[in-house]
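I have placed the structure first, in the form of C-alpha cells, so that the comments after it can refer back to it.
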Amino acid sequence: MGGNAWTQMGPYQPDPAAAFRQAQEASLAANDHGFGGRAIEELWQDPDWNEYVYTVGTASVLDFPRTTEATDRGDHPYMRPLTDAEIRTWSPTARPTEEEWTRALDTGALPYPDRSQGNCTVLYRNGTPTSIAYWGVTAD
C-alpha cells in the first residue's frame, strides 16, 4: 500500500509548534475519528490511536505527534518546517503566498514528503504572515 497525499491550512502563530497544536485541535474538533473527548496529546498515548493513524490515517495534521526542526532529515513521522533554501526553490522571495504554494505542489516544484511524513511552511499576503500550510502523506 502507498500513503495518501493531503494538504491543509492552519492559522499563523510565530511559534510553529503552537500553530501546529492549534491546527491539530481544530482538526480534532471537526472530526475526532471515533476517539472523542480527548486532547491530541492524550491520543498519542493510546495504542489504538497509534494503530489507527499508522494503518488508516486521518490525512491531516493529526497524523503526526509533534513538529521537528527544519534541518531534521530523519525518517520519522513528524511535521517538519521547510528550510529557507527549500522554500526559495519554488518561491524566490522566501515569503510564499497560498497561490505559489498551491502551484508548486500542483506542478511538482514542491514535492510531497515520503509516507508517514509531513511538511509545513508559513504563507504570506502582502509580505505579512497569514497562515501555515501543511501537507503530507499518510502512513497507510
#### Entry: Cross-chain or 6+ apart pairs with Cβ under 8 Å, segment 79-105 first and free of Cβ contacts under 8 Å to residues at least 40 places away in the same chain and at positive phi, then part of a helix (DSSP H, G or I) and not basic (Lys, Arg)
94/84; 94/87
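State all residues of segment 34-92 that are outside any loop (DSSP other than H, G, I, E, B), surrounded by 13 or more Cβ atoms within 10 Å (Cβ to Cβ) and either acidic (Asp, Glu) or touching a Phe, Trp or Tyr at 6+ places or on another chain (Cβ under 8 Å) (or both); if no residue qualifies, say none.
At the first step, the residues of segment 34-92 found to be outside any loop (DSSP other than H, G, I, E, B) are 40-43, 47-55, 61-63, 67, 79-81, 84-88.
Retained after the next criterion (residues that are surrounded by 13 or more Cβ atoms within 10 Å (Cβ to Cβ)): 40, 43, 49-50, 52-54, 61-63, 67, 79-81, 86-88.
43, 49, 50, 52, 61, 63, 67, 79, 86, listed by residue number.
How many of the residues making up segment 77-100 are within 13 Å of the chain's Cα centre (by Cα) and among the hydrophobic types (A, V, I, L, M, F, W, C)? Don't jump to the end; show me each part of the working.
First pass over segment 77-100, keeping only residues within 13 Å of the chain's Cα centre (by Cα): 77-82.
So of that shortlist, the ones also among the hydrophobic types (A, V, I, L, M, F, W, C) come out as 79, 82.
Number of matching residues: 2.
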### Summary
Checked segment 14-33 for anything within 17 Å of residue 119 (Cβ to Cβ) and in contact with a Phe, Trp or Tyr (Cβ under 9 Å, 6 or more places away or on another chain); matches are 19, 20, 23, 24
### Query
Take the residues of segment 60-78 that are free of Cβ contacts under 8 Å to residues at least 40 places away in the same chain and of a type in the set (Gly, Ala, Ser): which is farthest from residue 126 (Cα to Cα)?
74
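So, residue 35, is that one among the hydrophobic types (A, V, I, L, M, F, W, C) and in contact with a Pro (Cβ under 6 Å, 6 or more places away or on another chain) or not?
Numbers: among the hydrophobic types (A, V, I, L, M, F, W, C): yes; in contact with a Pro (Cβ under 6 Å, 6 or more places away or on another chain): no.
Here the answer is no, as residue 35 does not meet what is asked.
Give the residues of segment 44-59 that are free of Cβ contacts under 8 Å to residues at least 12 places away in the same chain and farther than 17 Å from residue 79 by Cα, sorted by residue number.
The initial filter retains those residues of segment 44-59 that are free of Cβ contacts under 8 Å to residues at least 12 places away in the same chain, namely 45-47, 50-51.
Scanning segment 44-59 gives 45, 46, 47, 51.
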### Query
When segment 13-33 is examined, which residues are found to be in a helix (DSSP H, G or I) and exposed (fewer than 13 other Cβ atoms within 10 Å of the Cβ)?
18, 29, 30
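Out of 3, 10, I need the residue that is touching a Lys or Arg at 6+ places or on another chain (Cβ under 6 Å) and surrounded by 13 or more Cβ atoms within 10 Å (Cβ to Cβ). Which one?
Numbers: 10 fails: touching a Lys or Arg at 6+ places or on another chain (Cβ under 6 Å).
Matching residue, one of 3, 10: 3.
Coordinate-derived values only; no laboratory data. None of the values given here were measured: they were computed from a predicted structure. A quick note on method: Cβ atoms are made from the backbone with ideal geometry, for glycine too, and the neighbour counts reach across all protein chains shown.
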